[in-house]
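Structure first, commentary second.
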Amino acid sequence: MAITVKTMSDFAAAGTSPEILFWVGCAGSFDQRAQKVTKAFATILDKAGISWAILGKEEACTGDPARRAGNEFLFQMMAYQNIQVLNGYGIKKIVTTCPHCFNTLKNEYPELGGNYEVVHHTQLLQELIDGGKIKLEGGGSFQGKKITYHDSCYLGRANEVYEAPRKVLEALDAELVEMKRCRKNGLCCGAGGGQMFKEEEKGTNRVNFERTDEALATGANYIAAACPFCHTMLTDGVKNKEQENAVQVLDVAELVALQLVGSPTSENK
């Protein structure tokens, strides 16, 4: 299904504005695997009849990795650049599929003059399901399957968003099984705080391998993620255990999209 993607400049040229700005993020824009999550979410927005746009080439990194790595000057430079663009378009509401972007836009941009309503895509998906704009019929792709959900640190502990992703998953015709460490006690995937971009430190076990072991112990057919960094780390963990043919790591948006438009395929691995 072809997706028509409009930019904020397209809307501005027509003298209109969308309901929502979809902040795609660096991973969603450039990482091949995360691009599939972007497409899945865009498909859902279209099916729900939401008017949305992206910034396109005007979107820069939020600066989150720079700040976490200790480069405050670079963070502020990137943030001011983005805020200038966002304020120029009069942006009111932003949705993003990345908890790192979500946290930075929501909690750190206001002190620099960027004040917006920022929601994570799992929160918007819950709204659309509760409002009847997305209908997930029973007996779909996930009937009789087990799904376990991994709490992203920047979505969970940092912003206390625990229920939205779970309510979305519960709307699927599947059994939601929790890992022993979940919600506020969830274990980090190992990529947060800038760790994604640096060499690992010495230890007895990789954090993502330990977290993947906990996910596999649930007996789930699918590991649901809601963060591109978590997705990468858990996928690597599943491959390390040579379980990629038995267990798929999918974003919450992909699970919803698959229920709406078809059955899971190996291309989503």
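Here are a few things to note about the model shown:
- Magnitude of the charge dipole, the chain, Cβ model with Lys/Arg +1 and Asp/Glu -1, debye to 20: 120 debye
- Across GLU242, GLU108, GLU127, mean-square fluctuation computed from a Gaussian network of the chain (C-alpha pairs under 10 Å connected) peaks at GLU242.
- Extension gain (nm, one decimal) between ILE3 and GLN32, 0.36 nm per residue minus Cα-Cα: 8.7 nm
- In this simple spin-label model, placing a label point 7 Å from the Cα along the Cα-to-Cβ direction at both LYS146 and LYS239 gives a separation of 2.5 nm.
- Sites VAL85 and ARG206, calculated FRET efficiency, Cβ-Cβ separation with R0 45 Å, nearest 0.05: 0.75
- Note that region 8-127 carries a Kirkwood radius of 14.6 Å, evaluated over its alpha carbons pair by pair.
- By the rule of a C-alpha distance below 26 Å, with chain neighbours fewer than 8 residues away ignored, the lysines paired with LYS6 are LYS36, LYS39, LYS47, LYS57, LYS92, LYS93, LYS106, LYS133, LYS135.
- Extension gain for GLU111 to ASN185 (0.36 nm times residue separation, less C-alpha to C-alpha distance): 23.7 nm.
- Built amide H within the under 5 Å cut-off of VAL161, gap 5+: GLY156
- 5 angstrom amide H check on THR7, placed H, neighbours 5+ away: ILE54
- For region 136-258, the tally of Lys pairs with Cα-Cα distances below 27 Å comes to 23, considering only residues 8 or more apart or on different chains.
- Lys/Arg +1, Asp/Glu -1 at C-beta; the chain dipole; positive extreme among GLY219, THR7, PRO99: GLY219
- Cysteines without a disulfide-compatible neighbour (Cβ-Cβ under 4.7 Å), the chain: CYS26, CYS61, CYS153, CYS182, CYS188
- Simple Cβ-charge dipole of region 8-127, Lys/Arg +1 and Asp/Glu -1, about Cα centre, in debye nearest 20: 280 debye
- Per residue value of the accessible surface for the chain (all protein chains in place, 1.4 Å probe), Å²: 47 Å²
- Residue with peak Gaussian network fluctuation, the chain [Cα springs, cutoff 10 Å], from PHE102, PHE41, PHE30: PHE30
- Listed peptides 211-217, 59-65, 44-50, 177-183 by packing density, highest first (mean Cβ within 10 Å): 59-65, 211-217, 44-50, 177-183
- Rolling a 1.4 Å probe over the protein heavy atoms of region 8-127, with every protein chain left in place, gives an accessible area that is 51 percent carbon and sulfur.
- Packing rank of 146-152, 158-164, 116-122, where each peptide gets the mean count of other beta carbons within 10 Å, highest leading: 146-152, 116-122, 158-164
- With the simple spin-label model, which puts each label point 7 Å out from Cα in the Cβ direction, the GLU72 to LYS57 separation comes to 3.5 nm.
- Candidates ALA42, PHE229, GLN259 compared by Cα position along the dipole of the chain: farthest toward the positive end lies GLN259, with charges placed on Cβ.
The values are calculated or read from the model by the stated rules, or taken from the named source; none is laboratory data. Source: prediction; values computed, not measured. As a convention, Cβ positions derive from the backbone with ideal geometry for all residues, glycine included, and neighbour counts pool all protein chains shown. Surface areas here come from the heavy atoms of the whole protein model, side chains and all, with no ligands, DNA or RNA. Shrake-Rupley method; radii C 1.70, N 1.55, O 1.52, S 1.80 Å.
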